[in-house]
1. For the residue pair residue 219 and residue 95, what label-to-label distance in nm results when each label sits 7 Å from Cα along the Cα-to-beta-carbon direction?
2. Going by amide H atoms built from the backbone, whose H comes under 5 Å of the H on residue 162, apart from near neighbours?
3. Between residue 118 and residue 48, what is 0.36 nm times their sequence separation minus the Cα-Cα distance? Round to one decimal in nm.
4. With N set to the number of residues, divide the alpha-carbon radius of gyration of segment 88-161 by 2.2 N^0.38 Å and report two decimals.
5. Residues with beta-carbon under 14 Å from that of residue 114, excluding residue 114: net charge, scoring Lys, Arg +1 and Asp, Glu -1?
6. Gain in length, residue 211 to residue 264, computed as 0.36 nm per residue apart minus the alpha-carbon separation, to one decimal in nm?
Amino acid sequence: MSDTPPADGSDAPRREPMFAIPSVIVALIAALVGLYAITDLLSVAGQDAVLRAFAFAPGRLTLAIWPDRLAELLARIDSDPEALAEATFFRQYGAAPWTLLSYAFLHGSWTHVLLNSVWLVAFGPPVARRFGAPRFVAFFALTAIAGALAHWLVFPLDFTPLIGASAADSGLMAAATRFIFEPGAPLGSPHGDSLSAGETDPLRPAPRLIDLLRQRRALGFIAIWMATNFVFGAGAQTLGASAAPVAWIAHVGGFVAGLLTFRLFDRAPSQAR
């Protein structure tokens with residue numbers, strides 16, 4: 001579908017290509033897939049070194065902030081053989097604060113990285129068009145960090161590595177929820193103020209969060225997302241859908257951060273005025 005003006009010189013609105021993906025999304029997916037492809041070629045020892053250096057382990061952050069809790073960890077040595085290894089791990093690698101973000105660029109399998117890439121393609125484009133590339137990247141980073149911190153609050157002394165872009169993907173879903181149900185948006189209501197058929201406006205003003213939560217369709221989407229995240233996140237191992245624990249708390253953290261911080265990144269309000 002062409003973006004060029006009509007041949008008759010009319011002022012008919014131009015239409016966006018249906019499957020156009022912003023370049024920032026393409027670049028982000030290339031980074032995720034490329035990094036996994038590189039780590040997949042490493043030896044087991046090399047992959048372990050990458051996880052130790054760049055995966056997020058909540059216990060490292062806890063011991064860095066409250067060193068006294070190291071004694072609590074060492075007190076578990078008799079009952080927990082891994083406690084000594086975890087304490088040694090912290091002494092060797094320290095807090096590594098960059099892992100609050102770098103973990104989002106690591107994945108455990110091709111299925112893991114491709115699934116997160118699919119979610120990026122599904123929810124990222126409308127958000128990227130609305131925010132612009134720099135704000136989109138900053139938002140992706142913020143929601144990834146928020147997901148890691150939510151996971152840390154619930155599992156402060158856990159040393160299991162957290163990896164994957166799912167928390168940031170969840171933040172993008174939340175950001176999309178803030179405007180996709182508005183008239184003229186991709187899932188906008190056909191009732192009330194609406195644009196012409198086939199026309200969308202990615203910068204139409206979004207409602208306040210309190211008003212969004214009064215909209216039945218938006219509230220239903222959020223409720224279904226939360227329920228699905230709990231069932232397939234908390235119960236993934238029980239259902240046999242995943243061999244490793246799914247950090248569903250991190251997903252919730254990213255989603256909530258996306259809802260709450262949307263206005264900080266949104267370009268629409270100033271342009272609407």
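No value in this document is a laboratory result; all are computed from the given coordinates. It should be emphasised that the depicted structure is a prediction, and the values quoted were computed from it without experimental measurement. Neighbour counts are summed over all protein chains in view; Cβ atoms, including those assigned to glycine, are modelled from backbone coordinates with ideal geometry.
1. In this crude spin-label approximation the distance works out to 4.1 nm.
2. Under 5 Å from the amide H of residue 162 lie the amide H atoms of 56, 57, each far enough along the sequence or on another chain.
3. Contour length minus the Cα-Cα distance gives 22.6 nm.
4. Working it through for segment 88-161, the quotient is 1.31.
5. Neighbour charge sum, excluding residue 114 itself: -2.
6. 17.4 nm
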